[in-house]
Amino acid sequence: MNSNLVEELRWRGMIHDIMPGTEEQLNKEMTTAYIGFDPTSDSLHIGSLVPIILLMHLYKSGHKPIALVGGATGMIGDPSGKSDERNLLTEDILNHNVAGIKRVLSRFLDFGGSEANAPILVNNYDWMKNFSFIDFARDVGKRITVNYMMAKDSVKKRVSTEGAGMSFTEFTYQLIQGYDFYHLHKEHNCLLQMGGSDQWGNITTGTELVRRMNTEEGAKAYAMTCPLITKADGTKFGKTAGGNVWLDADKTSVYRFYQFWFNATDVDAEKYIKIFTFLDKETIDQLIAAHAEAPHTRTLQKRLAKEVTTLVHGEEALENALKATNILFGKSTAEDFKQLDEQTLLDVFEGVPQAEIDRADIEEGLDMIAALSAKTSFLNSNGDARRALKENSVAVNKTKVKEDYKITTADLINDKFVTIQRGRKKNFLLIVK
């Protein structure tokens, strides 16, 4: 093996529970391991980046990763961590979601490789679709007692006090997930299942099924989980005022994605840089030390945001995010503005005073007094607007202008926006309707 995977994950803070014998197995030989991703959406958000990175570490250490997309389990919904029954998805939505998740996973793992430990992508619907209820009840349900299943936290919480109980459908979820482990063990010699700490109950049910359903004695199966990511202030990780932070740029712009990491607190940044990047321990220790000497420079946050944005979106997208970051307060140009797509521009100017202007006004030529005050109320009065223009402190799309300047269609960014700046810190956005 290229490295001690467990040791690597341990210093990064990425191990919560590990079954006895797992570390020894991983140190002994190339081991096949899997993580499941349920298709509750057609993309994945940054909470799912942790299991993806676990699979990437596994591969880098010389082991063989399997990413399982739950086309079958997605039809039921995982009760783990949920206090109420999930809404069931239609088959069309499920198929759409499965395709989306496969696409996202393929950006991080090369499923077309030929080497011995090349990653594999599977869908549990492929082996569950022909299973009759009678066969499943006889062959799988017979192996695990209800007592064993009831003892799991995901079940216990739901049938005692929280929510409205649990349907038989969701009760069977851990058996189906457990059967996935058995199937992958039989077909791919998969010995280890990994996942978030809330999956421990489901995963250990799988290890039991592997042992009990195998005809040969002593079948081995192992389990390892990582902690669920939390924020130091107790708020939910991966959420912003605008909702989830997704791994697809059409759901969360690269600029907003970059800003999420850049805005992490010092405490969170120190934790995240170990989990969400592949920087080695020496580099991370140096970054933490440099940050401690001058926290105001945000050394940790800058490097964290750079590494994660590059991992998820690539270097070119990172460069665009950095340009967008500089738009409000950095040395950007009108050309930098024109390279921004509409969503990124709106993200950059979120919270900045905005006003709508009729296209006819722009086509006629909008004078600067109207643009600053009369038509927009960006400044308190026409007098304030004149003073600002005389002070040479007004810029249109980052270019300084005088009182006689008129905003025309030539100034439009994406045929829709004009940015105005007063001094270094006051920004405004005109939206042409």
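Taking Leu191 as meeting all but one of (1) open to solvent by less than 70 Å² (accessible area, probe 1.4 Å); (2) modelled with pLDDT under 95, write down the number of the exception.
(2)
For segment 412-423, indicate whether the set of residues that are at pLDDT below 90, part of a helix (DSSP H, G or I) and either farther than 21 Å from Ile327 by Cα or out of contact with any Phe, Trp or Tyr (no Cβ under 7 Å at 6 or more places or on another chain) (or both) is non-empty.
no
With respect to Thr309, determine if the residue is assigned to a loop (DSSP other than H, G, I, E, B), at pLDDT 95 or above, open to solvent by less than 20 Å² (accessible area, probe 1.4 Å) and more than 30 Å from Ser373 (Cβ to Cβ).
No, not satisfied.
Looking at segment 378-399, is at least one residue within 38 Å of the chain's Cα centre (by Cα) and basic (Lys, Arg)?
yes
So Lys323 clears everything in (1) charged (D, E, K, R); (2) over 20 Å from Arg424 (Cβ atoms); (3) open to solvent by 20 Å² or more (accessible area, probe 1.4 Å) except one condition, right? Which one?
Just one mismatch for Lys323, condition (2).
Here is a yes/no grid of residues against (1) within 18 Å of Lys426 (Cβ to Cβ); (2) in contact with a strand residue (DSSP E or B) (Cβ under 7 Å, 6 or more places away or on another chain); (3) of a type in the set (A, V, I, L, M):
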position	(1), (2), (3)
Leu366	no, yes, yes
Asn380	yes, no, no
Val394	yes, yes, yes
Val401	yes, yes, yes
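Residues being assigned to a helix (DSSP H, G or I) and either open to solvent by less than 40 Å² (accessible area, probe 1.4 Å) or charged (D, E, K, R) (or both): count how many of those fall in segment 1-14.
6
Can you pull out the residues in segment 296-320 that are small (Gly, Ala, Ser) and within 30 Å of Phe428 (Cα to Cα)?
Result: Ala305, Ala317.
Okay, residues lined up against (1) of a type in the set (A, V, I, L, M); (2) closer than 17 Å to Thr205 by Cα:
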position	(1), (2)
Asn97	no, no
Phe108	no, no
Gly112	no, no
Tyr125	no, no
Ser132	no, no
Ala137	yes, yes
Lys142	no, yes
Thr145	no, yes
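The rows are residues; the columns are (1) touching a Lys or Arg at 6+ places or on another chain (Cβ under 6 Å); (2) assigned to a helix (DSSP H, G or I); (3) loosely packed, with under 12 Cβ neighbours inside 10 Å.
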position: Asn97; (1), (2), (3): no, yes, no
position: Leu105; (1), (2), (3): no, yes, no
position: Phe108; (1), (2), (3): no, no, no
position: Gly113; (1), (2), (3): no, no, no
position: Asn117; (1), (2), (3): yes, no, no
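Could we say that Val69 is at pLDDT 85 or above, of a type in the set (Val, Ile, Thr) and within 30 Å of Phe168 (Cα to Cα) here?
For Val69, the condition - at pLDDT 85 or above, of a type in the set (Val, Ile, Thr) and within 30 Å of Phe168 (Cα to Cα) - is met.
Please specify each residue of segment 400-433 satisfying the condition of being polar (S, T, N, Q), under 40 Å from the mean Cα position of the chain (by Cα) and surrounded by fewer than 16 Cβ atoms within 10 Å (Cβ to Cβ).
The answer is Thr409, Asn414.
Would you please list the contacts, defined by Cβ atoms under 8 Å and residues six or more apart or on different chains, that run from a residue in segment 224-245 that is aromatic (Phe, Trp, Tyr) to a residue that is open to solvent by less than 30 Å² (accessible area, probe 1.4 Å)?
That search, which allows pairs on different chains as well, returns Phe237/Ile46.
Could you list, in sequence order, the residues of segment 280-301 that are out of contact with any helix residue (DSSP H, G or I) (no Cβ under 7 Å at 6 or more places or on another chain) and either surrounded by 19 or more Cβ atoms within 10 Å (Cβ to Cβ) or in a helix (DSSP H, G or I) (or both)?
Glu282, Thr283, Asp285, Gln286, Ala289, Ala292, Glu293, His296, Thr297
Please go through segment 326-351 and pick out each residue that is part of a helix (DSSP H, G or I), open to solvent by 30 Å² or more (accessible area, probe 1.4 Å) and either β-branched (Val, Ile, Thr) or over 16 Å from Ile413 (Cα atoms) (or both).
Scanning segment 326-351 gives Asn326, Phe329.
For segment 15-40, how many residues are touching a His at 6+ places or on another chain (Cβ under 8 Å), surrounded by fewer than 23 Cβ atoms within 10 Å (Cβ to Cβ) and of a type outside the set (Ser, Thr, Tyr)?
1
Given the options Thr207, Thr215, name the one that is in a loop (DSSP other than H, G, I, E, B), closer than 15 Å to Val140 by Cα and of a type in the set (Val, Ile, Thr).
Every option except Thr215 fails the conditions.
Any idea how many residues of segment 239-270 are part of a helix (DSSP H, G or I) and open to solvent by less than 50 Å² (accessible area, probe 1.4 Å)?
Within segment 239-270, residues that are part of a helix (DSSP H, G or I) and open to solvent by less than 50 Å² (accessible area, probe 1.4 Å) number 10.
Yes/no per residue for (1) among the hydroxyl-bearing types (Ser, Thr, Tyr); (2) within 28 Å of Ile275 (Cβ to Cβ); (3) modelled with pLDDT under 80; (4) outside any helix (DSSP H, G or I):
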position	(1), (2), (3), (4)
Ala137	no, no, no, no
Lys156	no, no, yes, no
Val159	no, no, yes, no
Ala164	no, no, yes, yes
Leu184	no, yes, no, no
Gly195	no, yes, no, yes
Arg211	no, no, no, no
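Applying the selection to segment 37-55, what residues are more than 14 Å from Val308 (Cα to Cα) and assigned to a helix (DSSP H, G or I)?
Pro51, Leu54, Leu55
Of the residues Ala388, Ala395, which single one is within 26 Å of Lys323 (Cβ to Cβ) and free of Cβ contacts under 8 Å to residues at least 40 places away in the same chain?
Within the list Ala388, Ala395, the selection yields Ala395.
The values are calculated or read from the model by the stated rules, or taken from the named source; none is laboratory data. Quick caveat: nothing in here was measured; it's all calculated off a predicted structure. Neighbour counts are summed over all protein chains in view; Cβ atoms, including those assigned to glycine, are modelled from backbone coordinates with ideal geometry. Quick note on the areas: whole protein, heavy atoms, side chains included, nothing else; ligands and nucleic acids left out. Shrake-Rupley method; radii C 1.70, N 1.55, O 1.52, S 1.80 Å.
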